[in-house]
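Structure record follows, encoded as structure tokens.
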Amino acid sequence: MRLALDAMGGDHGPGPSVAGALRALAAAPDLSLALVGDRERIAPLLPAGFPADRVEIVHAAETVGMHEKPTDAFRKKPDNSIARCWQLLATKAVDGLVSAGNTGAVVAGGLFTRRFLKGVKKPGIAAVMPTAKGRCVILDVGANVFPKPLHLLQYGVMGSVYAKHMLGVENPKIGLMNVGEEEGKGHDLVRETFS
């Protein structure tokens, strides 16, 4: 698997992202990475003699800050690391992308390149959480502030597929979080989605 990593994403520059990338490469021999960002800041963080067939630096001259408005950032900074990651995915140079950067910009990049799953109307951000019975996937944890029942249904399907194929859950169960289990509880969105 080949992934694009927004090496400039996060609050502390490329250091933590590159350190995490090196750990991931050590743990997964079939993984290769395109580290996307400022070549002059990324290159010194790689150990000498690191296998070039597993790590490539893809230069992007600009970075989207954590507090920047995504649409403004993409318009004013077209050569940003998040946009470059999405371009790599759109051209199938990578199989996926990872960023700890500006969430809105990551979502916007997907919308601009139209790289979401066919039939999925809104992006969803997933988080894997531990439970007493193993791990569970929670969607959406931040991409869509005003979802509709269809979006929540699609999140359930995507979370189920992720749990089955990535977490090894043989028969994933889909649930809907609400303020109580009694019939009629919750706001309109939850009630409409449940039905």
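A short reminder: the numbers here are calculations on the coordinates, not readings from a lab. Quick caveat, the model's predicted, so the values are computed rather than measured. Here Cβ is always computed from backbone atoms with ideal geometry, including for glycine, and neighbour counts include all displayed protein chains.
Key figures
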{"read-out": "Per-selection Rg to Rh, segment 1-74 - Cα, Kirkwood hydrodynamic radius", "value": "0.99"}
{"read-out": "Structure-based [θ]222 nm, the chain - -39500 (n - 2.57) summed over DSSP H runs of at least 4, per residue, nearest 500", "value": "-10500 deg cm²/dmol"}
{"read-out": "Of all DSSP beta bridges in segment 1-145, antiparallel share, percent nearest 5", "value": "30"}
{"read-out": "Calculated FRET value between residue 53 and residue 157, using beta carbons and R₀ = 45 Å, to 0.05", "value": "0.80"}
{"read-out": "Dipole of the chain, positive end: most advanced residue of 159, 59, 117 [Cβ charges, Cα centre]", "value": "117"}
{"read-out": "Segment 80-195: mean projected area of Cα convex hull, nm²", "value": "8.5"}
{"read-out": "Between helix 149-166 and the chain: long-axis angle, C-alpha atoms, 0 to 90°, nearest 10", "value": "60"}
{"read-out": "Cα-derived Rg to Rh of the chain, Kirkwood definition", "value": "1.01"}
{"read-out": "Distance histogram in 5 Å bins (all Cα pairs of segment 113-161, percent per bin)", "value": "5, 20, 28, 24, 13, 7, 2, 1"}
{"read-out": "Computed E for residue 12/residue 131 - FRET, C-beta separation, R0 25 angstrom, nearest 0.05", "value": "0.25"}
{"read-out": "Cβ-defined net charge surrounding residue 161, 14 Å radius [Lys, Arg +1; Asp, Glu -1]", "value": "+2"}
{"read-out": "Nearest-20 debye value, the chain charge dipole, Cβ charges on Lys, Arg, Asp, Glu", "value": "380"}
{"read-out": "Relative contact order (%) - criterion: Cα under 8 Å, at least six apart; region: segment 73-177", "value": "17"}
{"read-out": "Length-normalised contact order of the chain in % [C-alpha pairs under 8 Å, at least 6 apart]", "value": "17"}
{"read-out": "Full-stretch length increase - residue 185, residue 31 - with 0.36 nm per residue and alpha-carbon distance subtracted", "value": "50.9 nm"}
{"read-out": "Kirkwood Rh in Å, taken over all unlike Cα pairs in segment 137-194", "value": "12.3"}
{"read-out": "Length released on extending from residue 1 to residue 72, taking residue separation times 0.36 nm less the Cα-Cα span", "value": "22.3 nm"}
{"read-out": "Cα-based helix-to-principal-axis angle, 81-90 vs the chain, degrees rounded to 10", "value": "70"}
{"read-out": "Radius, Kirkwood style, for segment 35-148 when every pair of distinct Cα atoms is counted (Å)", "value": "15.9"}
{"read-out": "Nearest 10 degrees, 0 to 90: helix 103-113 Cα axis against the chain principal axis", "value": "80"}
{"read-out": "Between segment 55-87 and segment 94-121, the Cα center-to-center distance that results, in Å", "value": "13"}
